[in-house]
Amino acid sequence: MLTTGANNSSDAAQGVMLNDHQFLLELREKMLRFTILQLSDRVLAEDVVQEALVGALKNAGSFSAKAALKTWVFAILKNKIADALRQRQRLIAVEQPTDDEADEGEFSDLFNGFGVWRGPAHPIAWGSPEKSMEDAHFWRTFEACMEHLPAQLAKIFMMREFIELTTPEICAELALSETSVHVSLYRARVRLRECLENNWFERGKSCAKLS
Amino acid sequence: MLNCRKATRLLSDRLDRPLTLKENVHLKIHLLWCSGCRNFGGHMHRMRNISRGFVDFGADDTTPDGGE
Ligand SMILES: [Zn+2]
């Protein structure tokens, strides 16, 4: 029968994927790094990853390609991370960032007294970031830059850009005003941009291959 | 007039909310003159792609196996 045939082939695919120990190990490692970056708590991250893996691999048979399975696993993982953040939020008070008008002196290393780019801080044209994205060294730089951000900025940035929550959703989660969230995202992006430029895109100009 | 500090704030904000007409006009005019902020604006979009790509590509190759 048709249905039986479909089941058989999906079982087979599931078997292949689940028996690929190396693939599962790498997937787990990648999920862990992604989660630790956001929760900064290894024990909690292990739990979250395990839960997401159990949930996702039950349906591994629906995927014949590893890439599709990975996308699916990470979609589940993002939800689990959002849940974990939500639960922890009740325990940790979030600082309200100082508001818009108060930050005229902010980033004085980047802007002069008129609010104009200082020479060395002037953003340069980046090479092809799309190409960088295939380079493991680039991702190590990216993670290092994320880790350099103040914890709360990093957290808000990751909620927005990794978990893809909207600004109103983040406001609700963290009990922050919309302006505070916008300010935090701005600060995170400015610092992350600067870090990527100084440690990757600018360096790439002079010595493309640092080993 | 918009300075670079305020222009960069709008270039970040526009990833999260629609700008008002007035903000948009001021920003567009600033960008005509300022290559630094033009670059910054491009980087904002690229950083969004990079962040999304982090899930798909990032750490794919965590174990340098010395191949090639
Ligand atoms: Zn400018």
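The values are calculated or read from the model by the stated rules, or taken from the named source; none is laboratory data. As the structure is a computational prediction, the values presented were derived from the model and not from experiment. Virtual Cβ from ideal backbone geometry, glycine too; neighbours counted across all protein chains shown. Accessible surface is based on the protein model in full, side chains and every heavy atom, while ligands, DNA and RNA are left aside. Shrake-Rupley method; radii C 1.70, N 1.55, O 1.52, S 1.80 Å.
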Worksheet item: When both residues are 6+ apart or on different chains and their Cβ atoms are under 7 Å apart, which pairs have a first residue that lies in the range A:23-42 and is more than 9 Å from every other protein chain (Cβ to nearest Cβ) and without any contact (Cβ under 8 Å) to a residue 12 or more places away in the chain, and a second that is open to solvent by 70 Å² or more (accessible area, probe 1.4 Å) and not polar (S, T, N, Q)?
Response: A:I36/A:R42
Worksheet, complete the sentence: Filtering the range B:1-26 for residues that are part of a helix (DSSP H, G or I), under 17 Å from A:V190 (Cβ atoms) and more than 10 Å from the ligand (Cβ to nearest atom) leaves a count of 4
Response to the item:
Result of the Cβ filter at 6 Å on the range B:3-20, keeping first residues that are more than 7 Å from chain A (Cβ to nearest Cβ) and within 15 Å of B:N39 (Cα to Cα) and partners that are assigned to a helix (DSSP H, G or I) and not hydrophobic (A, V, I, L, M, F, W, C), at least 6 apart or interchain, is B:A7/B:H30; B:L10/B:E23; B:L11/B:G41
Item to complete: Out of the residues in the range A:35-45 that are of a type outside the set (V, I, T) and out of contact with any Leu (no Cβ under 7 Å at 6 or more places or on another chain), state the one that is surrounded by the fewest Cβ atoms within 10 Å (Cβ to Cβ).
Response: A:R42
Worksheet item: Within the range A:38-88, can you find the residues that are not in a helix (DSSP H, G or I) and not charged (D, E, K, R)?
Response: A:S40, A:N59, A:F63, A:S64, A:A65
